[in-house]
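Below is one structure, written out as structure tokens, with a few remarks after it.
Coordinate-derived values only; no laboratory data. Quick caveat: nothing in here was measured; it's all calculated off a predicted structure. Ideal geometry is used to build each Cβ from the backbone, glycine not excepted, and the neighbour counts take in all protein chains shown.
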Amino acid sequence: MVNKIKIILFTMLAIIFVLFSLYKLGGRAARKTFELKQNKYTIARLNKTTSVNNEVENEIRSKTDDAVVNELRNDWMRK
């Protein structure tokens, strides 16, 4: 009788341990997925910012000094 109770108790503990381990692994995987998604978004945002910056620099370099001064004088507010 005591052996049967021990077997049932250890089996229940093993099942609880396995379920808890799976729960922890699932949480870790979800956290990792979220971090990867955030990193992907950040990289895309930085790439867009860099491309806009490069476009502005190329536009400024292609113009003469007088044209840049005139454009700044006419349209000096940020958009």
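List the lysines whose Cα sits under 28 Å from the Cα of LYS63, skipping any in the same chain fewer than 8 residues away.
Output for LYS63: LYS48, LYS79.
If you line up the long axis of helix 65-74 against the longest principal axis of the chain, both from Cα atoms, how many degrees apart are they, to the nearest 10?
With rounding to tens, the tilt is 70 degrees.
Where does the range 18-79 land on Rg/Rh, using Cα atoms and the Kirkwood Rh? If you can, show how the numbers build up before the last one.
Working: Rg = 23.2 Å, Rh = 15.7 Å.
A ratio of 1.47.
According to a simple spin-label model (label point 7 Å from Cα along Cα-to-Cβ), what is the distance in nm between THR50 and LYS24?
Each label point lies 7 Å from its Cα, and together they span 3.9 nm.
Between the helical axis of 2-62 and the dominant principal axis of the chain, each derived from Cα atoms, what acute angle in degrees is found, rounded to the nearest 10?
So the helix axis and the longest Cα principal axis differ by about 0 degrees.
Cross-link candidates for LYS24: which lysines have Cα within less than 28 Å, leaving aside residues fewer than 8 places away along the same chain?
Answer for LYS24, where 28 Å is the Cα cut-off: LYS6, LYS32, LYS37, LYS40, listed by chain and number.
For the chain, what is the calculated [θ] at 222 nm in deg cm²/dmol (nearest 500), taking -39500 (n - 2.57) for each run of four or more DSSP H residues and dividing by its residue count? Can you show the working numbers first?
On the way: 2 runs with 71 residues, N = 79.
My calculation for the chain gives -33000 deg cm²/dmol from helical runs alone.
Rounded, prolate or oblate for the range 1-41? Axes are the square roots of the Cα gyration tensor eigenvalues, ordered a ≥ b ≥ c, and the cut-off for rounded is a/c under 1.5.
It is prolate, given that a/c is not under 1.5 and a/b is the larger ratio.
Let's see if you can work this out: charge +1 on each Lys and Arg Cβ, -1 on each Asp and Glu Cβ, no other charges. What is the dipole magnitude of the chain about its Cα centre, in debye to the nearest 20?
Working: 15 positive and 8 negative charges, 210 e Å.
Dipole size: approximately 1020 debye.
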